[in-house]
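Reading through the structure tokens given below for one structure.
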Amino acid sequence: MNQLEIPSPITDLGNQTGLVRFVDYDPSGRIIADGGMSEQDVPAAQQFRLQPFLLGDGKPETHYVEFVGDARAPVLRVRPAFTEGFDKTEVALREAATLADLPAATVSFEGPMKGTHRHPGGDLVVGWTLPGTYTVRIEAFPYLPAEFTLTVGDAT
Amino acid sequence: MILFGPEFDELRERAKAAAMLHFVEQASQDGVPPTLRAMYVRKAEQAQLVLDGCSSSLIEGEAALRGITAIQMAQVVISMAAAGGDEIELKRMETNVAIETAATETEIVEALRTRGITMQIDLSQIGAASADSGA
């Protein structure tokens, strides 16, 4: 019987010699797996594999897939790093610290208090009612996660 | 502006709750199992009854075993019960007074810190993050 063979990619083997690197991605462009497959399996994989994938060498921590143009063609990109931080590292109680022009992000902080805030995009303007040192973590995909330290104290 | 954290009055109550937890934990570190602790509590209640002029088979029975009067036995039990608990309760009350007289958030935090008490507020659990759009 003539059976159609859908190649099974080999994942998590690092840069194994002789394999073509690829990444699996989700509709948001996040890489959900990476691995390798033999070159002869590539055409069949491109035709029959249900999981969207892209040939290229990328890792979830450092890369993402951008959808370019009207055709939304997937392109493997390096995740950019934040170049800007908060406008100050020390603030008084209830005083605002601003991270300008931040894309939509999950903002989490840990210190004397911990919590999470979903930022819709735009300037992030935040303050605290309890003094102490806070580590603020920003997750704004496809940017690399960024951490900032803010010290909150009495009004000066 | 998004302002994270409780307002001053709520912070004060949270600080007192943190102090209570701290001292309850301290009181529990004497290695006495909960069942035995419950027996001690009952014994102290019975001893107080004896001192109030009532009878208690538990106190009278132990007094007979030890060859002392029920009143003497009751006094021993009450003084033993008070020895550990009173000291811890006094410390807790002293901490509460410091928290209540604190004029600023920093003073509240200091009142806890100097007594070795940590207060961790998890806003994701209580949903207490307040949003202040005015500032």
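The values are calculated or read from the model by the stated rules, or taken from the named source; none is laboratory data. Computed from a predicted structure; not experimentally measured. Cβ placement follows ideal geometry from the backbone for every residue including glycine, while neighbour counts extend to all protein chains displayed.
Suppose we filter B:L58, B:L51, B:L11 for residues that are within 14 Å of chain A (Cβ to nearest Cβ) and at pLDDT 90 or above; which single one remains?
Values: B:L58 fails: within 14 Å of chain A (Cβ to nearest Cβ); B:L51 fails: within 14 Å of chain A (Cβ to nearest Cβ).
Answer to the selection: B:L11.
This table checks each residue for (1) in contact with a Phe, Trp or Tyr (Cβ under 9 Å, 6 or more places away or on another chain); (2) under 30 Å from A:V23 (Cβ atoms).
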site: A:P74; (1), (2): yes, yes
site: A:R77; (1), (2): yes, yes
site: A:E90; (1), (2): no, no
site: A:S108; (1), (2): no, yes
site: A:V136; (1), (2): yes, yes
site: A:E139; (1), (2): no, yes
site: A:L144; (1), (2): yes, yes
site: A:F148; (1), (2): yes, yes
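Do you know which residues across the stretch A:20-49 are in a strand (DSSP E or B), among the small types (G, A, S) and either over 21 Å from A:A140 (Cα atoms) or not assigned by TED's automatic domain parsing to the domain that holds A:V65 (or both)? Quick ask: steps written out before the conclusion?
In the first step, residues of the stretch A:20-49 are kept if they are in a strand (DSSP E or B); the result is A:20-25, A:31-38.
Right, trim to among the small types (G, A, S) and you get A:33, A:35-36, A:38.
Correct list: A:G35, A:G36, A:S38.
Can you spot a residue in the stretch A:63-85 that is within 12 Å of another protein chain (Cβ to nearest Cβ) and either small (G, A, S) or within 18 Å of the chain's Cα centre (by Cα) (or both)? Walk me through how you get there before you give the answer.
Taking the stretch A:63-85 and keeping what is within 12 Å of another protein chain (Cβ to nearest Cβ), we get none.
No, that holds for no residue.
Kindly indicate which of A:T135, A:T83, A:T149, A:T116 is within 25 Å of B:R14 (Cα to Cα) and modelled with pLDDT under 95. Show your work before the answer.
Working: A:T135 fails: modelled with pLDDT under 95; A:T83 fails: within 25 Å of B:R14 (Cα to Cα); A:T149 fails: modelled with pLDDT under 95.
Sole residue among the options that is within 25 Å of B:R14 (Cα to Cα) and modelled with pLDDT under 95: A:T116.
Going by what's in this entry, would B:E110 be described as within 14 Å of chain A (Cβ to nearest Cβ), loosely packed, with under 15 Cβ neighbours inside 10 Å, assigned to a helix (DSSP H, G or I) and at pLDDT 85 or above?
Working: within 14 Å of chain A (Cβ to nearest Cβ): yes; loosely packed, with under 15 Cβ neighbours inside 10 Å: yes; assigned to a helix (DSSP H, G or I): yes; at pLDDT 85 or above: yes.
The answer is yes for B:E110.
Just a yes or no: is a residue in the stretch B:37-57 in a loop (DSSP other than H, G, I, E, B) and among the hydroxyl-bearing types (S, T, Y)?
Yes, the conditions are met somewhere in the stretch B:37-57.
Does the stretch B:23-47 hold any residues that are in contact with a Leu (Cβ under 8 Å, 6 or more places away or on another chain) and surrounded by 13 or more Cβ atoms within 10 Å (Cβ to Cβ), and which are they? Can you show your working first?
Keep residues of the stretch B:23-47 that are in contact with a Leu (Cβ under 8 Å, 6 or more places away or on another chain), which gives B:42-43, B:46.
Result: B:K43, B:Q46.
Of the residues in the stretch A:53-73, how many are closer than 13 Å to A:G35 by Cα and either in a strand (DSSP E or B) or not charged (D, E, K, R) (or both)?
Our first condition is that a residue be closer than 13 Å to A:G35 by Cα; within the stretch A:53-73, this holds for A:53-60.
Those still in the list that are either in a strand (DSSP E or B) or not charged (D, E, K, R) (or both) too: A:53-56, A:58, A:60.
Selection size over the stretch A:53-73: 6.
Return the only residue of A:A97, A:A45 being within 14 Å of chain B (Cβ to nearest Cβ) and either more than 30 Å from B:P6 (Cα to Cα) or crowded, with 17+ Cβ neighbours inside 10 Å (or both). Break it down into steps so the answer makes sense when it comes.
Values: A:A45 fails: within 14 Å of chain B (Cβ to nearest Cβ).
Among A:A97, A:A45, only A:A97 is within 14 Å of chain B (Cβ to nearest Cβ) and either more than 30 Å from B:P6 (Cα to Cα) or crowded, with 17+ Cβ neighbours inside 10 Å (or both).
Could you check, for the stretch B:84-93, whether at least one of its residues is crowded, with 16+ Cβ neighbours inside 10 Å and in contact (Cβ under 8 Å) with a residue 60 or more places away in the chain? Even if it seems obvious, please write down each step before you answer.
Taking the stretch B:84-93 first, the residues crowded, with 16+ Cβ neighbours inside 10 Å are B:92.
Checking the rest, the ones that are also in contact (Cβ under 8 Å) with a residue 60 or more places away in the chain come to B:92.
Yes, that holds for at least one residue.
Please go through the stretch A:101-156 and give me each residue that is more than 13 Å from chain B (Cβ to nearest Cβ) and aromatic (F, W, Y), ordered by number.
A:F141, A:Y143, A:F148
Which condition number in (1) more than 14 Å from chain A (Cβ to nearest Cβ); (2) under 30 Å from A:L150 (Cα atoms); (3) over 18 Å from the mean Cα position of the chain (by Cα) is the one that B:L21 fails?
(3)
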